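Report on the structure given below.
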Amino acid sequence: MEKAEIPLHGAKPNVRYRIVRIDASDAMRGRLRELGIICGTEIMQTVRGRGGEIALYAVKGSRIALRRESAAYITVTEWDG
Amino acid sequence: MRGSDGAAARRVALVGNPNVGKSTVFNALTGMRQHTGNWSGKTVDVAEGRYRYGDEHFVIYDLPGCYSLYGGAGEERIARDFILRECPEVTVAVCDATCLERTVILALQLIESGVNTVICVNLTDEAARKGVSVDLEKLSRETGVDCVGTAARRKRGLRELKAAVFGACRAEAENACIKCGCCGRGSAINEAVVEKCVDDAVNCKENAREREERIIRRAEEICRACVNVSEGEDGGRRLDAALDRVFMGRWGVLVGIALLGLALWITVVGANYPSEALRALLFRGEEQFYSLATRWGAPSALRDALILGVYRTLAWVVSVMLPPMAIFFPLFTLLEDFGYLPRAAFLLDTPLMRCGACGKQALTMCMGLGCNAVGVSGCRIIDSPRERRIAVLTNSFMPCNGRFPTVIMLSSLFCASVGLGAGAVSAIALFSALAVGVLMTFVASKLLSVTLLRGTPSAFVLELPPYRPPRVGSVIVRSVLDRTVFVLGRAAAVAAPAGLAVWLLANVTVGGSSLLAVISGAIDPLARLLGLDGVILLAFFLGFPANETVLPIAIMAYSGLGAVAEISDAGIYALLSANGWTAETAVCASLFCLCHFPCSTTLLTVKKETGSWKCTALAAVIPTAFGVALCFMTHCLFAVFG
């Protein structure tokens, strides 16, 4: 069954997702790549800030804070193991 | 570069992602005490140290953190350019055992670029706590270079690291320079060739992305093979996640306020005792010196200038200003060590974004609480030049350690004058003062971002460090000592001449009244409009080289020449009230203390960081304008309601 693709900022907390697409600008993609965030990477939202403008994500053992507008460029699907 | 015995010293560079403990490894190897802190971007310059291994001398360079050899801006280029241009014999890629998959990427990039690399997997102790272990032998086989596990905070694995570096040096010597043949140690460096090397390594734009992604996938593969996570023992990870929810979740702001409030309360209450003891001691000393000097028949002008001027100002600075500084600073360092500061940045990001600024500005604001000059140079962590400039220009709204005690004194004075006296109440007053500082930072940032520094907020990506149990003992001992030495040094350099200046101003008379009276009288009408008086306004100007001297100078000026009868807090209040101070004066002086031109050191730092006199002028004018406006409004409010 095809899993639904959603923007990262809409992810449910503490659920594992897989990144399927990153549509950000080159600079932003570069920034994310430096942090090891590319297509296929596992990512999980751990804390959502008050107001939902910013959230914390667990990626490869580190904690990355992303604003909603940046997270919107990242498309994910639920992790299938 | 020569060792002490004349043999050439080996050059070693330390690189790695931010906050993997490069500086800690550096300190452990060299025995130096480079400041370390638990957040990304701590080290902004290249530090240099030395160590010996066997008969060999090594020079080691601690480079600012960087995520990738390709791309990157500002700070990250420093590390890359250093390795590619300076060609150290060995580059130690420091990785974080708790997140090897991310941190090993840089090491793989180095190895692929032909850099002679040793991998140092640091923080193995922290990883063990989180149930993570790294198979170093396998890692070494997979990467083809020596891999050493260290726990630099506990000084573990350092011998092995030194041995591996030594081994890599010898291998390098046999290989000459694999990379580009440009660097032949000690020989003249061909700049053009280096330029080309850097270009090749960095700007192969076509396949840069593929190459990076390939390396990232390789890192994934390697880590699948080398990293073992025991599921049952990931208590550390779960604790981190739980703490994150407490500090940044729904109640995060309240928890932050409570933490800060607690730190302030400890500062206010705790400072009383040492403050009183120091005062008693130092002023007893003054009497003794005075009578001694009199007995020896020292010229009375000299005696008075040195003892009533210089010594007394020093005594005020040390007894009133030093204790709160020496208490708040370690508390703040503990929070930094623990990893709280970037969490505060997370909390403050949304309001800062609305003000057109960067979330990382919250970090530089926190550093500004310690020292504005440090806060200003810390602004380098902000990538966007526009947002960096906003952070630089607004940093002095955060009351630095030197202004804190003034605000403490003034808020307890205010509490006393309206009939409240307890420590908790003045902690609240102090907290409000701090809140005003934060609010003004927001307002000024917003104003700047819609006027002089227009632009859209840039994307914001912040990596948060793990929580680390702060090394309470060593942090307290060291930061209390460091702070004390620092304050005493500044006191000697700045407060002493200021004391002499005040004494001279008070004693040189023109037409029957002292210069002090003349000058403060001249600016008095202006000061009155701001709810202040001429003397305290003059003190703000005289305190320009060091803000911690402002209140002592004012006290000196008020007390004139006579011996101060009462040197307790009550005595200071009595002195100030006798000179016409009211609740209004206390409030306005606090506001002006929060919002006025930063000290000379900070302004020089602004000049150094921005390279622009215009910016430096703005950094002084903006807060002063805010202070003047706030004080004037307060004055009007008091006039209407008071």
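The values are calculated or read from the model by the stated rules, or taken from the named source; none is laboratory data. Bear in mind the structure is a predicted one, so any value in this text is a computation, not a measurement. With ideal geometry, Cβ positions are generated from the backbone for all residues, glycine too; neighbour counts draw on all protein chains shown. With ligands, DNA and RNA removed, areas are computed over all heavy atoms of the protein, side chains included. Shrake-Rupley method; radii C 1.70, N 1.55, O 1.52, S 1.80 Å.
Values for this structure:
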quantity: Residue, nearest to the chain's Cα centre (by Cα), within the stretch B:85-126, restricted to residues that are open to solvent by less than 10 Å² (accessible area, probe 1.4 Å) and closer than 21 Å to B:Arg380 by Cβ; calculated: B:Val94
quantity: Per-region count, the stretch B:343-369, residues part of a helix (DSSP H, G or I) and more than 18 Å from B:Lys608 (Cβ to Cβ); calculated: 18
quantity: Test: residue in the stretch A:2-14 that is free of Cβ contacts under 8 Å to residues at least 24 places away in the same chain and more than 13 Å from chain B (Cβ to nearest Cβ); calculated: yes
quantity: Residue within the stretch B:559-572 that is open to solvent by 30 Å² or more (accessible area, probe 1.4 Å), part of a helix (DSSP H, G or I) and on the phi < 0 side of the Ramachandran plot present; calculated: yes
quantity: Qualifying residue in the stretch B:328-341 (condition: among the acidic types (Asp, Glu), within 14 Å of another protein chain (Cβ to nearest Cβ) and surrounded by 24 or more Cβ atoms within 10 Å (Cβ to Cβ)); calculated: no
quantity: Single residue of B:Ala293, B:Ala305, B:Ala315, B:Ala326 found to be more than 18 Å from B:Ala492 (Cα to Cα) and out of contact with any His (no Cβ under 8 Å at 6 or more places or on another chain); calculated: B:Ala293
quantity: The stretch A:57-72, residues that are among the small types (Gly, Ala, Ser), more than 7 Å from every other protein chain (Cβ to nearest Cβ) and open to solvent by less than 10 Å² (accessible area, probe 1.4 Å); calculated: A:Ala71
quantity: Filter pass, A:Val76 being within 8 Å of another protein chain (Cβ to nearest Cβ), surrounded by 19 or more Cβ atoms within 10 Å (Cβ to Cβ) and hydrophobic (A, V, I, L, M, F, W, C); calculated: no
quantity: Residue check for B:Leu575: closer than 28 Å to B:Ser514 by Cβ, open to solvent by 30 Å² or more (accessible area, probe 1.4 Å) and more than 20 Å from the chain's Cα centre (by Cα); calculated: yes
quantity: Residue list for the stretch A:21-38, restricted to those being open to solvent by 50 Å² or more (accessible area, probe 1.4 Å) and either more than 9 Å from every other protein chain (Cβ to nearest Cβ) or not hydroxyl-bearing (Ser, Thr, Tyr) (or both); calculated: A:Arg21, A:Asp23, A:Asp26, A:Ala27, A:Arg29, A:Arg31
quantity: Unmet criterion (only one of (1) at pLDDT 85 or above; (2) open to solvent by less than 40 Å² (accessible area, probe 1.4 Å); (3) out of contact with any Leu (no Cβ under 6 Å at 6 or more places or on another chain)) for B:Pro525; calculated: (2)
quantity: Qualifying residue in the stretch B:483-493 (condition: open to solvent by less than 30 Å² (accessible area, probe 1.4 Å), in contact with a Ser or Thr (Cβ under 8 Å, 6 or more places away or on another chain), under 30 Å from B:Ile390 (Cβ atoms) and part of a helix (DSSP H, G or I)); calculated: no
quantity: Helices (runs of 4 or more DSSP H) wholly inside the stretch B:372-434 that include at least 2 residues being over 23 Å from B:Arg483 (Cα atoms); calculated: B:385-394, B:404-417
quantity: Candidates B:Val268, B:Val253, B:Val246 - the one that is within 30 Å of B:Ala345 (Cα to Cα) and either of a type in the set (D, E, K, R) or more than 14 Å from chain A (Cβ to nearest Cβ) (or both); calculated: B:Val268
quantity: Residue among B:Ser513, B:Ser559 that is hydroxyl-bearing (Ser, Thr, Tyr), free of Cβ contacts under 8 Å to residues at least 60 places away in the same chain and in contact with a Leu (Cβ under 7 Å, 6 or more places away or on another chain); calculated: B:Ser559
quantity: Neighbours by Cβ (under 9 Å, 6+ apart or cross-chain): first from the stretch B:629-642, open to solvent by 80 Å² or more (accessible area, probe 1.4 Å); second at pLDDT below 95 and outside any helix (DSSP H, G or I); calculated: B:Phe632/B:Leu530; B:Phe632/B:Gly531; B:Gly642/B:Thr582
quantity: Qualifying residue in the stretch B:96-104 (condition: away from chain A (no Cβ under 14 Å) and not in a helix (DSSP H, G or I)); calculated: no
quantity: A:Gly49 small (Gly, Ala, Ser), more than 19 Å from B:Ile216 (Cβ to Cβ) and facing another protein chain (nearest Cβ under 7 Å); calculated: yes
quantity: Filter pass, B:Ser432 being away from every other protein chain (no Cβ under 14 Å) and buried (at least 18 other Cβ atoms within 10 Å of the Cβ); calculated: no
quantity: Scan of the stretch B:115-168 for residues that are of a type outside the set (A, V, I, L, M, F, W, C), over 18 Å from B:Tyr53 (Cβ atoms) and in a helix (DSSP H, G or I), ordered by number; calculated: B:Thr124, B:Asp125, B:Glu126, B:Arg129, B:Glu137, B:Lys138, B:Ser140, B:Arg141, B:Glu142, B:Thr143, B:Arg153, B:Arg154
quantity: Single condition B:Val461 does not satisfy, out of (1) touching a residue at least 24 places away in the same chain (Cβ under 8 Å); (2) open to solvent by less than 70 Å² (accessible area, probe 1.4 Å); (3) under 30 Å from B:Pro18 (Cβ atoms); calculated: (1)
quantity: Odd one out for B:Ala225, checked against (1) facing chain A (nearest Cβ under 9 Å); (2) touching a Lys or Arg at 6+ places or on another chain (Cβ under 8 Å); calculated: (1)
quantity: Residue pairs meeting the criteria (Cβ under 7 Å; at least 6 apart or on separate chains; first closer than 28 Å to B:Ser230 by Cβ, in the stretch B:74-103; second aromatic (Phe, Trp, Tyr) and assigned to a helix (DSSP H, G or I)); calculated: none
quantity: Residue that is surrounded by the most Cβ atoms within 10 Å (Cβ to Cβ), among those in the stretch B:241-252 that are touching a residue at least 40 places away in the same chain (Cβ under 8 Å) and closer than 18 Å to A:Leu66 by Cα; calculated: B:Met248
quantity: Selection from the stretch B:141-179 of residues that are farther than 23 Å from B:Ala219 by Cα, open to solvent by 40 Å² or more (accessible area, probe 1.4 Å) and modelled with pLDDT under 70; calculated: B:Ala173, B:Glu174, B:Asn175, B:Ala176, B:Ile178
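A quick yes/no check of all residues on (1) part of a loop (DSSP other than H, G, I, E, B); (2) β-branched (Val, Ile, Thr); (3) more than 26 Å from B:Val104 (Cα to Cα):
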position	(1), (2), (3)
A:Ile19	no, yes, no
A:Leu32	no, no, no
A:Ile37	yes, yes, no
A:Gln45	no, no, no
A:Ala58	no, no, no
A:Arg63	no, no, no
